[in-house]
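Each remark here refers to the structure printed beneath this line.
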Amino acid sequence: MQLDRYLGLYLSETQDRLRALNRSLLELETGGGDAALDEAFRAAHTLKGMAAAMGFQAVAEVAHALEDRLDEIRAGRLAVSRAVIDELLARADRLERENEVAIAGGPEGGAAAGSGAAPGAAPAAGVAPDIGRERVPEGTALIVRVALDEGSPLKAARAMIVCRNAGGVATVLGTLPAEFGDDFDGHLTLYVGAGADREALAGAIRAAGEVAAVRFEDPGATRRGGVARGTGGRTGWQRVRIDQRHLIDLADGIGDLAILCGRLEAVAATIASEPLDDVVDRIRRRVRELEQSILAARMVPVGEVFDRFPRVVRDAARGLGKEVDFVMEGREIELDREILEELADPLIHLLRNAIDHGLERPAEREAAGKAPAGRLVLRAARERSSILIEVSDDGRGVARGKVLGRARELGLVGEGEGLDDDALLRLLSQPGLSTAERVTDLSGRGVGLDVVVNRIRALGGAIALHTEEGRGTTFSLRLPTTLALMQALRIRVGGEDYAIPLTHIAEAVVLESEVVEVVDGREQLRLRGDALPLVRLGEVLGAEGAMESAAVVAEVADRRAALAVDELVGREQIVVKPFDAAVGALPIFSGATILADGRPALVLDPISVL
């Protein structure tokens, strides 16, 4: 077993610990006290242990130096100050850089590499392949039961160090289990030959670190071939880390099963057979259960990404000489990991933009009757079948007049036109449009917001802006909970089938029973007293012979519009596939899918249509 098998797990674990380290250091700066200090110390100590287990000595040394500095604070020899926190954060940054270099290079020359047994030990040929039963190798004079700490990360790598250390002071004939895979639970048995010094052996094993217990047994007390390996009383489910690619593959496979199941139902409907109907029904139920399971496996709390942002906000505020009170709400809200990872960069841009353009400096805020520290809120909440994420500040707001003037200079707006929030967002997301008086490390080049808008739309979401001069700005991002399987409304226009994600659908109505009127040359649908713009999809798609009989009311942020369609086919669960549109194609499709009857269909993006 080679240590490079654990690089993926090591990377995932260290990312979690580095985020915890940064978070606790920021809490320490803002008065987190002993709790924050203890968390930072634990994170540094764990990082040191994991790096040592992987043979990354440079990383372990940096972590050890950081741990020593934190220990000075615990001992009262060093007072917490802004300068000390700056130093500690710089050390954390160096630790992260060293870790990246170490991971890129792989485990260092043979440290702790090799088989699961100690170096020079005889092969564990006498150990039964079935690790649930124990067979003691011939020549065993001593059995050593070792239990690693419950919270120890990288248990498999730690077990290898235990075996290596034990092999340095005794003859290890074999181990149980023979290899330490990803499912290793931290309990191992060493079979030791004659002449071992128990005290020296125990000391060598404990020197590996993260060892909770060492127990010696006489082989005569063990029934050969008939003793079940204990689990130390551990019961219940355990969390495991899975490569995101595997979850994506599983979701795609289950989506294909759902499609095949739909086709099977259609075939079964043509055959009068109760046994066949029963089988099809059972398959459908099982596929639905699998769909729910894979969706649950892909969901993670947004806090996993949100926790990166306090450091981003602090550094940006320090660089601009501003004070920021940063608040995060709804960290427990769950979202598809694939969507969440894609959100990281857009959210960083919006946060930095709020600090640079939105929030004023302390003196300016006090002159305006505000608190010296600006308030910046990152909030997540669940809304119907979607997730709402908001970035809001109580700063100066967007100067509409300034944006309008710049837009007229660039020929983007004609004379006499005003700006509501929707039009303002469209202008601000135009590449090259910037009202910044100077270029900084954060903004001023006229790029960024257009990328944010495009990224959100590519994820099947919508973005809205609300701003008041002198009072602040809020960006609202509405996103589907998952990209794996999506509920959609199947419609038909001009004889072709299309799918519209239910995330953006408020309702569907029969067109003939509603009032359609023309105002200022534009059609409107009068629905319960509200006038909604009417978009005829047949005209947009260039469909011949379109006979609109129904309308889908699409809702994007505060905007609503009615999309006229020929037919409402029904609700359907779909798997959205990437879609590379042909040159010159309408930019209103977000993907493609295979319908339950096996036919392909394009997925309409209501945002682009509106």
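Computed values, structure above
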{"item": "Residue check, R318 surrounded by fewer than 18 Cβ atoms within 10 Å (Cβ to Cβ), over 22 Å from L459 (Cβ atoms) and free of Cβ contacts under 8 Å to residues at least 12 places away in the same chain", "result": "yes"}
{"item": "Pairs where the first residue, in the range 449-461, is closer than 17 Å to L424 by Cα and the second is modelled with pLDDT under 80, C-beta under 8 Å, 6+ apart", "result": "D450/Q430; D450/P431"}
{"item": "Matching entry among E390, E341, E291 (being assigned to a helix (DSSP H, G or I) and not assigned by TED's automatic domain parsing to the domain that holds A266)", "result": "E341"}
{"item": "Count - residues of the range 80-106 that are of a type outside the set (A, V, I, L, M), closer than 24 Å to M54 by Cβ and touching a residue at least 24 places away in the same chain (Cβ under 8 Å)", "result": "6"}
{"item": "Pick from the range 520-579, criterion of a type in the set (V, I, T) and touching a helix residue (DSSP H, G or I) at 6+ places or on another chain (Cβ under 7 Å), ranking: nearest to A508 (Cα to Cα)", "result": "V565"}
{"item": "All positions within the range 149-192 that are of a type in the set (D, E, K, R), in contact with a helix residue (DSSP H, G or I) (Cβ under 8 Å, 6 or more places away or on another chain) and not in a helix (DSSP H, G or I)", "result": "D182, D185"}
{"item": "Single condition L477 does not satisfy, out of (1) in a loop (DSSP other than H, G, I, E, B); (2) closer than 26 Å to L247 by Cβ", "result": "(1)"}
{"item": "Among (1) in contact with a Lys or Arg (Cβ under 9 Å, 6 or more places away or on another chain); (2) at pLDDT 85 or above; (3) among the hydroxyl-bearing types (S, T, Y), the one test that S549 misses", "result": "(1)"}
{"item": "Test: residue in the range 312-322 that is in a helix (DSSP H, G or I) and within 22 Å of L388 (Cα to Cα)", "result": "yes"}
{"item": "The listed residue being modelled with pLDDT under 70, touching a Lys or Arg at 6+ places or on another chain (Cβ under 7 Å) and surrounded by fewer than 17 Cβ atoms within 10 Å (Cβ to Cβ), out of P119, P129", "result": "P119"}
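The values are calculated or read from the model by the stated rules, or taken from the named source; none is laboratory data. Keep in mind the model is a prediction, meaning the values are calculated, not measured. All Cβ positions, glycine included, derive from the backbone under ideal geometry; neighbour counts span all protein chains shown.
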